[in-house]
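Engineer: To start, I am sharing the structure in question, which I have written as structure tokens.
Coordinate-derived values only; no laboratory data. This is a predicted model, so every value here is computed, not measured. No Cβ is skipped: glycine too gets one built from the backbone with ideal geometry, and neighbour counts run over all protein chains shown.
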Amino acid sequence: MTLIVRSESPTTDRSTVWLEGRLDAATFAAFDEAMHDITPLVDNGGTLVIDLSALEYISSAGLRSLAQLRKQMHDREGRTLLLNPQPQVKKVFEIVKAVPVAEVFANVAELDQYLDHMQRQMTAPEG
Amino acid sequence: MVLRSVASRLALGVLLGSAIVLVVTGGLMLSHTREQILKQTEREAAAVSGWAATRIKGRIDGVAKVSQVLAGILGTRRDEAPALIRDTLAVNPELVDISAAFIPRNTDAPRDEDAPVARRAIDGKLSMGSRLADPELYWRAPWFVRGLNCEHGCWQAPFHSVERRDPLVGYSVAIPGKPRSVIGVADATISLDWLQQLLGELNKPEHASAFVIDASGEFLAHDWTSYIGTRGSKPLLAAIAEGRNPVRITPEMGGRVSEPVWVYFVPITGTHWTFGLTMPEQQVLADLRQAYTVDILLGVLALAGVSLIALVITRRLMAPLAVLSERVEDVARGELDFALPQLRRNDEVGRLTRAFDQMRHQLAGHIDTAKRIAREQERMTSELEIARQIQLALIPEPHWLAADGRIELHAALRPASAVGGDLYTYFTLGARHVCVMVGDVSDKGIPAALFMARTITLARTLATHARSPSDILGALNRELCKGNDTCMFVTLLCGVVETETGLLTLASAGHEQPVLHAGGSAILVDVETGPALGLDREARYPVRVLTLLGGDTLLMYTDGVSEAHAGNQRLYGTHAILDSVARIEEGAAPEAYVERVLGDVDAYVDGAPAYDDIALLALTWHDSGAEGVRLDAAAHS
């Protein structure tokens with residue numbers, strides 16, 4: 001079983017990455033390398049959305065990769081949001097809490113709502 | 001043996017190929033040459049036959065002329081017949097006799113004057129006679145009857161006279177007259193000896209024999225004199241009748257020959273005669289055979305030469321290859337130090353030699369590298385073994401009895417490779433508390449092992465003054481977050497038991513839920529988890545409190561147990577762990593729990609290598625005397 005990484009960067013403030021397969025000790029290095037090319041496309045303060053709908057399994061090594069990715073984005077005032085994990089993957093996030101549960105969304109609408117909310121919070125003081 | 005070399009095989013191939021070409025072209029050449037020779041012989045024969053036929057015709061034309069002139073004269077000068085024929089005979093030395101035979105005026109009383117004949121004896125003397133002297137009545141004889149019908153003259157059949165040995169033949173012309181249109185026959189006879197003589201004088205090809213045959217199929221003359229006067233064979237006569245020229249006649253066809261012969265013939269105009277030439281086929285083709293034999297011998301010689309040259313050239317070309325083959329065998333044996341053949345040209349062999357030389361050097365380099373890597377790997381292995389020993393030294397003994405035997409625990413640690421990231425530990429906290437931990441560092445191998453060492457060391461140090469697992473995890477988390485750029489983390493389940501009361505406080509940092517075996521049933525203890533240690537500095541860890549009763553056993557484990565699998569097998573799962581635990585007799589020692597679960601997992605993966613590290617810790621509360629009430633509470637710190 002392998003991991004397939006696809007990405008799309010329509011704007012510089014938001015990129016989406018789709019993961020398919022297994023993210024474990026055997027594939028996390030390939031994932032790290034792929035992300036190494038994708039994260040520079042997102043501006044500082046931008047959002048990286050990782051769509052997990054086709055991810056079947058995640059191990060602690062995979063969680064570490066995601067945590068590291070989140071930390072890197074965080075250091076650039078960016079956000080890493082996880083979208084639509086399958087139940088077994090979602091359960092792992094809930095138990096280990098390697099990334100805050102609040103940053104895992106069940107669908108795009110929920111994600112957009114969150115981003116909208118965040119934007120309003122940032123613009124509120126001026127408006 | 002000889003054919004094992006490419007050179008010999010090539011030479012043999014060239015020889016065989018050329019031989020096939022030689023045989024095919026030789027066959028074609030033979031048939032073509034045979035036709036040519038037969039055609040040439042035919043031309044030669046035609047020339048000889050034509051010439052002979054002309055000669056014969058010239059000779060007999062003279063005879064015919066004499067007869068025709070005589071017949072013309074005799075029509076009106078019957079009475080002068082004896083004198084006329086005598087004089088005519090005298091001036092025509094080739095004639096044997098001349099007859100002027102008239103139809104008798106009175107057949108009952110024929111007279112000598114009716115049929116005078118002038119004869120030339122063998123000695124040349126002329127004499128006169130009468131055809132009445134013939135044994136049969138001349139006017140009824142076939143030659144006379146036939147002559148009457150030959151107004152323009154015709155040749156009679158050859159015959160032998162009593163006096164002469166040589167065959168004779170007459171030319172008869174009807175004598176015109178009145179009142180009947182025909183009154184007699186003028187006949188001039190010649191000997192056929194000259195014909196025989198002519199055949200002998202002909203400039204024939206060697207071994208050829210000539211003949212002249214008449215319309216009835218009898219040989220008038222033949223080089224084989226015994227054939228004279230006999231009939232020609234059926235195939236010959238048939239061929240002459242049909243005009244098939246030339247014709248091949250064999251003994252099998254009924255020919256009067258002892259071997260196959262070719263017969264060429266030409267009809268002699270003005271007669272019903274045919275001149276023929278017989279050539280034995282063997283003789284006709286003798287030259288061909290000789291020439292062909294010489295050709296074949298030369299061809300074979302050329303073949304042998306070509307093969308020899310091919311052999312020598314290939315040997316020369318292949319010689320360096322033979323050396324290379326031996327060297328390759330050396331390489332196969334692992335010997336790389338040897339001399340290669342001198343490069344003579346930059347052809348395929350030269351390129352091969354150069355490439356082989358490069359290959360040898362590269363191979364030597366690879367072998368050196370491989371040896372170095374093997375040495376390094378060996379060193380790494382021994383270092384890993386030492387690291388394993390050190391890691392195991394960080395872990396306390398698997399079996400522990402504490403609090404005067406009220407607490408008994410048993411643990412096991414099985415790294416998937418030499419070192420691993422799973423851990424368990426236990427220690428006392430002051431006089432009245434015991435702390436147990438089971439943890440799992442993200443990832444496996446050396447980084448995980450180092451992070452595990454850091455965790456287990458920090459845990460003992462930081463826990464010294466704490467009494468609540470929530471505090472222990474919080475302090476440990478803050479410490480592990482420092483400088484953790486790689487985001488390594490550890491999930492940890494921490495339990496603190498009050499040794500006086502059996503009160504158990506649990507807190508979890510993203511770890512698997514423990515199993516409690518109490519009152520004959522196995523249940524998962526639902527501990528709300530906080531984030532794994534090392535990621536979020538602000539993390540908080542809620543506690544779960546419950547009271548252990550005598551004989552209760554708490555089983556803590558890592559995902560190496562719950563997610564054990566082989567290949568594409570389903571994960572082992574917490575339900576399977578609950579089942580394993582439920583089947584254990586109540587009051588069993590913690591060692592039995594560890595052994596049962598490990599045994600069941602091993603049976604499940606059926607000998608497959610472990611996918612992940614395994615840590616397992618069973619804690620049994622032995623307090624038969626205390627009348628405790630099970631307390632079960634969750635609290636958020």
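Engineer: What number in nm² do you get for the stretch B:428-496 if you take the convex hull of its Cα atoms and divide its surface by four?
Structural biologist: Values: hull surface 17.2 nm².
Here the figure is 4.3 nm², rounded to one decimal.
Engineer: Let me ask something else. Please name whichever of B:P341, B:M359, B:L297 sits farthest to the positive end of the charge dipole of the stretch B:296-359, dipole taken about the Cα centre and charges placed at Cβ: Lys and Arg +1, Asp and Glu -1.
Structural biologist: B:L297
Engineer: Turning to a different aspect of this structure: Which one of A:V99, A:V89, A:V108 has the biggest mean-square fluctuation once chain A is modelled by GNM with Cα springs under 10 Å?
Structural biologist: Residue with maximal mean-square fluctuation among A:V99, A:V89, A:V108: A:V108.
Engineer: Sticking with this structure for a sec: Which ³J(HN,Hα) values, rounded to whole Hz and listed in residue order, are derived for the stretch B:514-520 from phi using the Karplus coefficients 6.51, -1.76 and 1.60 in 6.51 cos²θ - 1.76 cosθ + 1.60 with θ = phi - 60°, glycine and proline given as x?
Structural biologist: So the Karplus estimates, Gly and Pro as x, are x, 10, 10, 9, 9, x, x Hz.
Engineer: Also, quick follow-up: Near the amide H of B:T558, under 5 Å away, which other amide H atoms are found, from residues 5 or more places off or on another chain, if H is placed in the peptide plane?
Structural biologist: Excluding prolines and chain starts, which carry no amide H, the hits are B:A615.
Engineer: Output the Cα-based Rg and Dmax of the protein assembly as shown in Å, rounding Rg to one decimal and Dmax to a whole number.
Structural biologist: Calculated on Cα positions, Rg and Dmax stand at 66.8, 193 Å.
Engineer: Could you tell me the largest-minus-smallest coordinate of the C-alpha atoms of the stretch B:129-284 on each of the three principal axes, in descending order and whole angstroms?
Structural biologist: Dimensions of the stretch B:129-284 along the principal axes of its Cα atoms: 61, 33, 28 Å.
Engineer: For the protein assembly as shown, give the magnitude of the charge dipole about the Cα centre (Cβ charges: +1 Lys/Arg, -1 Asp/Glu; no others), in debye to the nearest 20. Display every interim value, and only then the final one.
Structural biologist: Values: 73 positive and 95 negative charges, 1078 e Å.
Dipole magnitude for the protein assembly as shown comes out near 5180 debye.
Engineer: Separate question: If you place +1 on the Cβ of every Lys and Arg and -1 on the Cβ of every Asp and Glu, how big does the dipole about the Cα centre of chain A come out, in debye to the nearest 20?
Structural biologist: Dipole about the Cα centre, nearest 20: 380 debye.
Engineer: For the stretch B:367-451, which chymotrypsin sites (Phe, Trp or Tyr not before Pro) pass both filters: DSSP loop (anything but H, G, I, E, B) and at most 15 other C-beta atoms within 10 Å?
Structural biologist: Sites meeting the loop and neighbour criteria: none at all.
Engineer: Here is a follow-up. Most exposed first by the Cβ proxy, i.e. fewest other Cβ within 10 Å, how do B:K65, B:K204 rank? If you can, show how the numbers build up before the last one.
Structural biologist: Values: B:K65 14, B:K204 20.
Fewest to most other Cβ atoms nearby, the residues stand as B:K65, B:K204.
Engineer: What are the semi-axes of the equivalent ellipsoid of the stretch B:396-635, taken as the square roots of 5 times the eigenvalues of the Cα gyration tensor, listed largest first and rounded to whole Å? Please list the in-between numbers first.
Structural biologist: Details: eigenvalues 129, 111, 44 Å².
Each semi-axis is the square root of five times an eigenvalue, giving 25, 24, 15 Å.
Engineer: Each label point is 7 Å from the Cα along the Cα-to-Cβ direction; what then is the distance between the points at B:Y292 and B:T381, in nm?
Structural biologist: Going from the B:Y292 label point to the B:T381 one covers 8.1 nm.
Engineer: While we're looking at this one, here's another question. Have a look at the DSSP beta bridges in the stretch A:3-123 and tell me what percent are antiparallel, nearest 5.
Structural biologist: 30
Engineer: In sequence order, what are the phi-derived ³J(HN,Hα) couplings for the stretch B:369-375 according to the Karplus relation 6.51 cos²θ - 1.76 cosθ + 1.60 with θ = phi - 60°, rounded to whole Hz, with x for glycine and proline?
Structural biologist: Rounded to whole hertz, the list is 4, 4, 5, 5, 4, 4, 5.
Engineer: Once you have the Cα-Cα distance between B:L571 and B:L352, take 0.36 nm times their residue separation minus that, and quote the gain in nm to one decimal.
Structural biologist: Fully extending the segment from B:L571 to B:L352 adds 73.3 nm.
Engineer: Can you give me the P(r) profile for the stretch B:340-453? Cα pairs, bins 10 angstrom wide beginning at 0, each as a whole percent.
Structural biologist: Spelled out per bin, shortest first, that is 12, 25, 18, 13, 9, 10, 7, 4, 3, 0.
Engineer: Select from the stretch A:1-89 those GluC sites (Glu not before Pro) which occupy a DSSP coil region and have at most 11 other Cβ atoms within 10 Å, ordered by residue number.
Structural biologist: Of the GluC sites (Glu not before Pro), the ones in loops of the stretch A:1-89 whose Cβ has at most 11 other Cβ atoms within 10 Å are A:E77.
Engineer: Applying 1/(1 + (r/R0)^6) with R0 = 45 Å to the Cβ-Cβ distance of A:Q119 and B:V605, what FRET efficiency is obtained, to the nearest 0.05?
Structural biologist: Computed FRET efficiency for A:Q119 and B:V605: 0.35.
Engineer: In nm, to one decimal, how far is the modelled label at B:H465 from the one at B:D526, with both set 7 Å along Cα→Cβ?
Structural biologist: 3.7
Engineer: Something else: What's the extension gain from B:I37 to B:V312 if we count 0.36 nm per residue and subtract their Cα-Cα distance?
Structural biologist: 94.9 nm
Engineer: When a/c reaches 1.5 or more, the comparison of a/b and b/c decides; with that in mind, is the stretch B:56-209 rounded, prolate or oblate per its Cα gyration tensor?
Structural biologist: prolate
Engineer: May I pose another question? Would you mind getting me the FRET efficiency between B:T54 and B:E136? Use the beta-carbon distance for r and R0 = 45 Å, nearest 0.05.
Structural biologist: Details: r = 37 Å, r/R0 = 0.82.
FRET efficiency, B:T54 to B:E136: 0.75.
Engineer: Averaged over every viewing direction, what's the projected area of the C-alpha convex hull for the stretch B:336-394? Give it in nm², one decimal, please.
Structural biologist: Directional mean of the projected Cα hull area for the stretch B:336-394 stands at 4.9 nm².
Engineer: Along the principal axes of its C-alpha atoms, what lengths does chain B span, in descending order and rounded to whole Å?
Structural biologist: 192, 60, 39
Engineer: What does the C-alpha gyration tensor say about the overall shape of the stretch B:499-605? Classify as rounded when a/c is under 1.5, otherwise prolate if a/b is larger than b/c, or oblate.
Structural biologist: It comes out oblate by the Cα gyration axes.
Engineer: Please report, in whole Å³, the volume per residue of the convex hull around the C-alpha atoms of the stretch B:1-95.
Structural biologist: Output value, Cα hull per residue: 130 Å³.
Engineer: Any lysines with Cα under 27 Å of the B:K65 Cα? List them, leaving off those in the same chain fewer than 8 positions away.
Structural biologist: B:K57, B:K125, B:K178
Engineer: Still on this structure: For the stretch B:396-635, what proportion of DSSP beta bridges, expressed in % and rounded to the nearest 5, is antiparallel? Please report the intermediate quantities before stating the final value.
Structural biologist: On the way: 57 of 59 bridges.
The answer is about 95 percent antiparallel.
Engineer: Loop only by DSSP, 15 or fewer other Cβ within 10 Å of the Cβ. Give me the GluC sites (Glu not before Pro) in the stretch A:79-127 that pass, ordered by residue number.
Structural biologist: Listed in order of number, the matching sites are A:E126.
Engineer: If only Cα atoms are counted, what is the Rg of the stretch A:3-123, and what is its Dmax, in Å?
Structural biologist: 13.4, 43
Engineer: How long is the gain from B:D632 to B:E252 if the chain were fully straight, where each residue apart is worth 0.36 nm and the alpha carbon distance is subtracted? Don't skip to the answer; put the middle values down first.
Structural biologist: Details: separation 380, 0.36 × 380 = 136.80 nm, distance 13.02 nm.
Full-extension gain reported as 123.8 nm.
Engineer: Efficiency by 1/(1 + (r/R0)^6): what FRET value for B:N203 and B:D123, r their Cβ-Cβ distance, R0 = 35 Å, to the nearest 0.05?
Structural biologist: 0.60
Engineer: Can you list the lysines whose alpha carbon sits under 28 Å from that of B:K444, skipping same-chain ones fewer than 8 residues off?
Structural biologist: A:K71, A:K90, A:K91, A:K97, B:K371, B:K482
Engineer: How large is ³J(HN,Hα), in whole Hz, for each residue of the stretch B:156-164 in order, when computed from phi with the Karplus curve 6.51 cos²θ - 1.76 cosθ + 1.60 and θ = phi - 60°, using x for Gly and Pro?
Structural biologist: 8, 6, x, 8, 10, 9, 5, 7, 10
Engineer: Please average, across the residues of A:55-66, the number of beta carbons from any other chain that are within 10 Å of each residue's own beta carbon, and give a whole number.
Structural biologist: 5
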